[in-house]
Amino acid sequence: MAKGKGAGSLVADLVPAFLARRRADVAAIRDALAAGDFEAPRLLGHRLAGSATGYGFPAMAALGREIESAALRRDARAIAVAAESLESLLSRESPARAERRRLRVAVLEDDPDQLALERRWLESAGHACHGFTRSADLVKEAGRESFDVFVLDWMVPDMPGEVVLQWIRETLPERVPVMFATARDEEAEIVEVLGMGADDYLVKPLRQAEFVARVEALDRRRAAAGVARKTRVGPYRFDPAARTVSVDGRAVELAPRLYEIARILFEKRETLVSRGYLYEQAWGRPLEGGTRTVDTHVSRVRKALELDGRHGWRLVSVYQHGYRLEPARA
C-alpha cells in the first residue's frame, strides 16, 4: 500500500467498485420482485443503508432504508419506485459527483413536523430546502429570491395552495416547476390544479424516495428543455463537460466558482437572479451576513466575460435583489 494515503483517499479509491455493486443490487431487486421474493430486497436494502452511509452517500442510504421498509410491508410498488430512484441516482454518480446539480427548493407546508420531514429528505439528497408554514411568507420571499422548484401544500390557513400557484404563474418571469404535496386526493381537484399550471401532484402520506425523485425529475425536464440555451448564447459558448467558456472562439479561464456563477447567469438570462440563489449554488450553503462576497465574484465574471454590452449582453445589478443578464440595447 502506498504511503501517505489517508482514510478519505482510500474510500475514494473504493467508490467505483461500490457503485458497481449497487448497480448489480438494482438488477437483483428487480429479479426478486419478478419472482415474488421480498426477503432479498429487504436484505439488499438493509446492506445498502449501512454501506452507503459509510461511503458518504446519504441519499442512497435513505433509499436503502426505504427499500428495506417497503419489503417488510411487502409493498412491491414502493420497492420498484425506490429501485428506479436508486438507478437514477447511480446514473448520476461518478468521480465528478460534486458537479451534480444542487436544487434550491421552496416548500409550503403548515404542519411543522411534515415540513421538517420534507426538509430532511431534500437535504439528505444534497438539496437546499427553504420551508414556509404561511403562504404569505413564501410569496414575499419568492418575490425577491430565486428557486428551482416549488412544493406546495393545498390546505394552508392564510392562503390556499392553488392561490399561491396562481400567483407564481402570473407573477414570476421564469416558469419554475410546481409540485403539490397534499392530503387532498379527489380526482377533480388534482385535474383542477394541473390545469392551473402545476407540474406534478403527490398525495400524502409521502414516501421519501418518490418525493425526492419527483422533485429532481421536475428540474431535469426543465433543464432538458433548455439544453440549447445553456450551451451557446451569441458569441458565448459553454462546455459543461470541461467547464470552460469561450467568447468569439477565445477561451476564457474562470475559476470553478466563477464558472458556476457565469453558467447560472446565462442559463437564467433575462431573469432576475437573487444573490442568495447565486451563493447557495456556487458555495453550496445558505447566504449568511452580507452580500459583498457575491458582488465581488459577480464583478469578476462581468470583467472576465466582458459583459458590458460589447458582445451583445450586459450584466446589470438590480438594487437589493440581485443580477440580470440582458441583451444590450443598441
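The values are calculated or read from the model by the stated rules, or taken from the named source; none is laboratory data. Model, not experiment: these values are computed from the prediction. Counting neighbours? That spans all protein chains shown, and the Cβs are built from the backbone with ideal geometry, glycine included.
Would you say ARG22 is in contact with an Asp or Glu (Cβ under 9 Å, 6 or more places away or on another chain) and at pLDDT below 90?
The answer is yes for ARG22.
Please work out which one of (1) within 22 Å of SER146 (Cα to Cα); (2) part of a helix (DSSP H, G or I) is the condition THR271 fails and give its number.
Of everything listed in (1) within 22 Å of SER146 (Cα to Cα); (2) part of a helix (DSSP H, G or I), THR271 misses just condition (2).
Confirm whether ALA282 is assigned to a helix (DSSP H, G or I) and at negative phi.
Against the criterion (assigned to a helix (DSSP H, G or I) and at negative phi), ALA282 qualifies.
Answer with yes or no whether ARG257 is charged (D, E, K, R), surrounded by fewer than 19 Cβ atoms within 10 Å (Cβ to Cβ) and touching a helix residue (DSSP H, G or I) at 6+ places or on another chain (Cβ under 7 Å).
yes
Quick one: which of LEU218, LEU202 is touching a Pro at 6+ places or on another chain (Cβ under 8 Å) and either surrounded by 17 or more Cβ atoms within 10 Å (Cβ to Cβ) or not in a helix (DSSP H, G or I) (or both)?
When all the criteria are applied, what remains is LEU218.
In segment 118-174, what residues are aliphatic (A, V, I, L, M), within 22 Å of VAL318 (Cα to Cα) and in a helix (DSSP H, G or I)?
LEU138, VAL139, ALA142, ILE168 - these are the residues of segment 118-174 that are aliphatic (A, V, I, L, M), within 22 Å of VAL318 (Cα to Cα) and in a helix (DSSP H, G or I).
Matching residues to (1) under 25 Å from ALA40 (Cα atoms); (2) of a type in the set (D, E, K, R); (3) modelled with pLDDT under 80:
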site: SER85; (1), (2), (3): yes, no, no
site: SER91; (1), (2), (3): yes, no, yes
site: ALA98; (1), (2), (3): no, no, yes
site: LEU108; (1), (2), (3): no, no, no
site: ASP113; (1), (2), (3): no, yes, no
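Can you find a residue that is at pLDDT below 80, over 18 Å from the mean Cα position of the chain (by Cα), not assigned by TED's automatic domain parsing to the domain that holds ALA125 and not in a helix (DSSP H, G or I) anywhere in segment 254-262?
Scanning segment 254-262, I find no residue that is at pLDDT below 80, over 18 Å from the mean Cα position of the chain (by Cα), not assigned by TED's automatic domain parsing to the domain that holds ALA125 and not in a helix (DSSP H, G or I), so the answer is no.
Mind listing whichever residues of segment 68-80 are touching an Asp or Glu at 6+ places or on another chain (Cβ under 9 Å) and either under 10 Å from ALA209 (Cα atoms) or not polar (S, T, N, Q) (or both)?
Within segment 68-80, ALA71, ALA78, ILE79 meet the criteria.
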